[in-house]
Structures are given as C-alpha cells and as structure tokens.
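The values are calculated or read from the model by the stated rules, or taken from the named source; none is laboratory data. Keep in mind that this is a model prediction, so the values were computed, not measured. Backbone-built Cβ (ideal geometry, glycine too); neighbour counts: all protein chains shown.
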Amino acid sequence: MTPLVSVVVTCFNYGKYVGKAIDSVLKQTYRNVEIIVVNDGSTDNTDEVMCNYLKNPKIVYIQQENQGQAVAKNMGIKRSRGEFVAFLDADDRWCVEKLEKQMVCFDNERTGVVYCRARYIDENNDSFDYEMTGTYLQPRRGAVTKWLLFDNFVQFSSSIVRKSCFERFGGFNESLEMGIDWDLWLRISTAYEFDYVDDRLFYYRMGHSGQMSKNLEERQRCSDRIMVNFLGTYPGLLSAWTIRKAYAVTYCNRGEYYRPIDRKKSSWYFIDAIGQNPAEVAAYKGLVKNLLTACGRGVS
C-alpha cells in the first residue's frame with residue numbers, strides 16, 4: 001500500500017482561495033492522503049467555505065485563535081498521521097499529478113525533502129510567465145546545506161517532508177514572523193538529502209493583498225536571525241569562505257533592493273559585502289551604479 005501523505009493547509013483570511021486548494025488535493029492521482037486544514041483565526045468566510053468539506057472523511061478541520069503561520073503549521077504537523085507531510089498554502093493549488101511524481105523520490109531513504117518547480121498565477125487565477133532567476137535560486141539535490149545558506153530555493157507549497165525529519169529537528173520556529181520554511185530546510189539539510197522533480201507541479205499565487213512575502217524589511221530581519229542561529233548551532237559545518245560568500249551575496253541583494261529607496265543604505269550594504277568577500281564583483285558594480293545614479297546618469 002502507498003504511504004499516507006498528510007497535507008497541511010493553513011488559512012488566514014483566504015476563504016476566497018482555500019476551496020480551490022483543497023479541491024486540488026482531492027483530485028490528486030496519488031489517492032492515499034489526509035487533509036488537515038488549520039484556520040488560524042480567520043475573520044472572513046473561511047468557516048462558510050469549509051462547511052462544504054466537513055463530511056469528507058479525508059479532511060480534518062481545526063479552528064484556532066490567530067497565532068501566526070508557524071503555530072498553525074505546527075498544529076497541522078501534530079495532528080498528522082502520515083509517514084510524510086506535504087504543505088500547501090491556502091492561496092496556492094496543486095496540479096493533479098504532483099504527489100504521484102514526487103513521492104517516488106522517497107525511494108531513497110536518505111531523502112528528507114522533495115520539492116518541484118512552480119507555475120504562476122495572479123489573484124484572478126490568470127497565468128503569467130515568471131522565472132526564479134539567479135545562481136542561488138536554482139534547484140539542487142543531495143546535500144544542499146551550503147546552497148541553502150545563500151537562498152531558499154525550495155518553494156513552500158511544493159514541499160513534501162519525511163515525518164522523521166520533524167521527529168528529529170522539531171517543527172517551525174514559532175518566534176519567527178517570516179522565513180520559517182528556510183529555517184526548517186536548513187536544519188533538516190544537516191542530516192537528510194533533498195531531491196526535486198524538474199516539473200511545474202503547483203500554482204503559486206503572486207501579487208495579491210495579504211501576501212506576507214511583500215514585507216521585505218521584516219524578512220531581512222528574520223533572515224539575519226536565521227543565519228546567526230543556524231551558524232551558531234552548527235559551528236564548523238560550513239567553510240569560512242562559504243559563510244563569507246553567503247553574507248556577501250545577501251548584502252549585495254539588499255544593496256540592489258535599497259538603491260531606489262535609500263541610496264546611502266544601499267551603498268553601505270555593498271561595502272559590507274566587500275568586507276565579507278573583497279572579490280565580490282557584484283558589490284563593486286553596485287557601488288558604481290549608485291555613484292552614476294547620484295551623478296544623474298542613467299545606468300542599464
């Protein structure tokens with residue numbers, strides 16, 4: 001018999017989307033699933049939508065006061081019965097063959113997390129072209145810790161996790177507002193391999209109101225905490241050069257973000273990047289762009 005996959009769907013005021021998310025799980029070609037929906041204190045019509053699903057024996061519906069995404073997801077994990085736990089944000093949805101194509105990767109007992117690529121939709125369900133570009137956002141398999149330190153290339157609604165990973169490393173860090181998946185992936189990667197299916201097997205919704213990833217400054221603060229905590233917990237796991245390079249890339253990304261907002265802050269991030277890695281070419285290019293912008297000259 002195929003292993004049971006527990007699908008954790010957390011929802012905060014996504015009543016307009018959650019039904020489609022649940023339907024996409026119920027339509028999976030991989031049939032042995034349970035769906036745990038955690039309503040994290042929604043004030044919209046989520047309860048009304050969920051009334052249509054309460055008689056389905058595959059679905060467990062949990063209502064709680066609003067406590068944040070990490071607490072909600074951990075509640076779903078605690079209530080899960082499966083050997084594997086898959087995650088689906090309430091505003092996303094899966095292609096019908098997603099679980100079937102990904103579950104075969106767990107034939108390798110060393111694999112702890114399996115993910116895939118995404119298709120992209122807007123708030124009106126219209127598809128559009130988008131690519132995760134950049135060296136450090138490309139999918140990796142096997143031992144991925146050093147790559148994960150640079151950036152989180154595992155999109156959350158694509159992930160399936162072996163239950164033993166949670167038994168060993170615990171769940172999501174409930175003190176973090178953002179970046180909770182990246183923090184978990186880093187911890188799991190110290191003992192398990194990652195794998196991916198090079199196919200677009202889920203729909204990731206971008207650009208709608210309420211999307212947490214828009215708050216980039218808070219994400220940066222959480223990112224700093226995650227990196228410091230991880231490197232402090234696992235000293236010596238990564239080379240000093242990898243750590244310096246990762247910080248340099250991080251500071252360059254922030255320099256690019258702040259250029260149109262605060263050029264002085266942008267320049268200091270590029271200088272910090274050079275301090276971490278004096279050979280970081282992107283940092284020098286960033287400083288030159290800032291200088292040319294200050295002089296009123298256009299840059300391409």
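Counting only residues that are within 15 Å of the chain's Cα centre (by Cα), at pLDDT 95 or above and of a type in the set (D, E, K, R), which one in the range 175-194 is nearest to residue 18 (Cα to Cα)?
Going through the qualifying residues, I end up with 181.
Residues in the range 176-203 that are surrounded by 20 or more Cβ atoms within 10 Å (Cβ to Cβ), hydroxyl-bearing (Ser, Thr, Tyr) and under 30 Å from residue 228 (Cα atoms): how many?
Number of matching residues: 3.
Looking at (1) in contact with a Ser or Thr (Cβ under 7 Å, 6 or more places away or on another chain); (2) over 19 Å from residue 135 (Cα atoms), which is the only condition residue 260 fails?
(1)
Return the pairs, sorted by first residue and then second, in which the second residue is assigned to a helix (DSSP H, G or I) and of a type in the set (S, T, N, Q), the first residue lies in the range 21-41 and is assigned by TED's automatic domain parsing to the domain that holds residue 95, the beta carbons are less than 9 Å apart, and the residues are 6+ apart or on different chains.
21/157; 30/102; 37/46; 39/46; 40/69
When residues of the range 46-84 are filtered for being crowded, with 21+ Cβ neighbours inside 10 Å, touching a Gly at 6+ places or on another chain (Cβ under 9 Å) and among the polar types (S, T, N, Q), how many remain?
Count: 2.
Answer yes or no: is there a residue in the range 39-58 that is of a type outside the set (Gly, Ala, Ser) and assigned to a strand (DSSP E or B). Break it down into steps so the answer makes sense when it comes.
Step one: of the range 39-58, the residues of a type outside the set (Gly, Ala, Ser) are 39-40, 43-58.
Filter once more, keeping what is assigned to a strand (DSSP E or B): 39-40.
Yes.
Among the aliphatic types (A, V, I, L, M), surrounded by fewer than 22 Cβ atoms within 10 Å (Cβ to Cβ) and within 24 Å of residue 154 (Cβ to Cβ): is that true of residue 9 in this structure?
Numbers: among the aliphatic types (A, V, I, L, M): yes; surrounded by fewer than 22 Cβ atoms within 10 Å (Cβ to Cβ): no; within 24 Å of residue 154 (Cβ to Cβ): yes.
In short, no.
Within the range 256-274, is there a residue that is touching a residue at least 40 places away in the same chain (Cβ under 8 Å) and outside the structural domain of residue 189 (by TED's automatic domain parsing)? Steps first, answer last, please.
Going through the range 256-274, the residues touching a residue at least 40 places away in the same chain (Cβ under 8 Å) turn out to be 257.
Now drop any that are not outside the structural domain of residue 189 (by TED's automatic domain parsing), which leaves 257.
Checking the range 256-274: at least one residue is touching a residue at least 40 places away in the same chain (Cβ under 8 Å) and outside the structural domain of residue 189 (by TED's automatic domain parsing).
Among the residues of the range 85-100, is there at least one that is of a type in the set (Gly, Ala, Ser), touching a residue at least 24 places away in the same chain (Cβ under 8 Å) and surrounded by fewer than 18 Cβ atoms within 10 Å (Cβ to Cβ)? Spell out the reasoning first.
Taking the range 85-100 as the starting set, the residues that turn out to be of a type in the set (Gly, Ala, Ser) are 86, 90.
Within this subset, residues satisfying the condition of being touching a residue at least 24 places away in the same chain (Cβ under 8 Å) are 86, 90.
Pick out the ones that are also surrounded by fewer than 18 Cβ atoms within 10 Å (Cβ to Cβ) and you get none.
Scanning the range 85-100 turns up no residue that is of a type in the set (Gly, Ala, Ser), touching a residue at least 24 places away in the same chain (Cβ under 8 Å) and surrounded by fewer than 18 Cβ atoms within 10 Å (Cβ to Cβ).
Within the range 150-162, does at least one residue satisfy the condition of being more than 16 Å from the chain's Cα centre (by Cα) and surrounded by fewer than 15 Cβ atoms within 10 Å (Cβ to Cβ)? Don't jump to the end; show me each part of the working.
Kept after step one, since they are more than 16 Å from the chain's Cα centre (by Cα), are these residues of the range 150-162: 162.
Pick out the ones that are also surrounded by fewer than 15 Cβ atoms within 10 Å (Cβ to Cβ) and you get none.
No: the range 150-162 contains no residue that is more than 16 Å from the chain's Cα centre (by Cα) and surrounded by fewer than 15 Cβ atoms within 10 Å (Cβ to Cβ).
Would you say residue 279 is among the small types (Gly, Ala, Ser), surrounded by fewer than 18 Cβ atoms within 10 Å (Cβ to Cβ) and in contact with a helix residue (DSSP H, G or I) (Cβ under 8 Å, 6 or more places away or on another chain)?
No, not satisfied.
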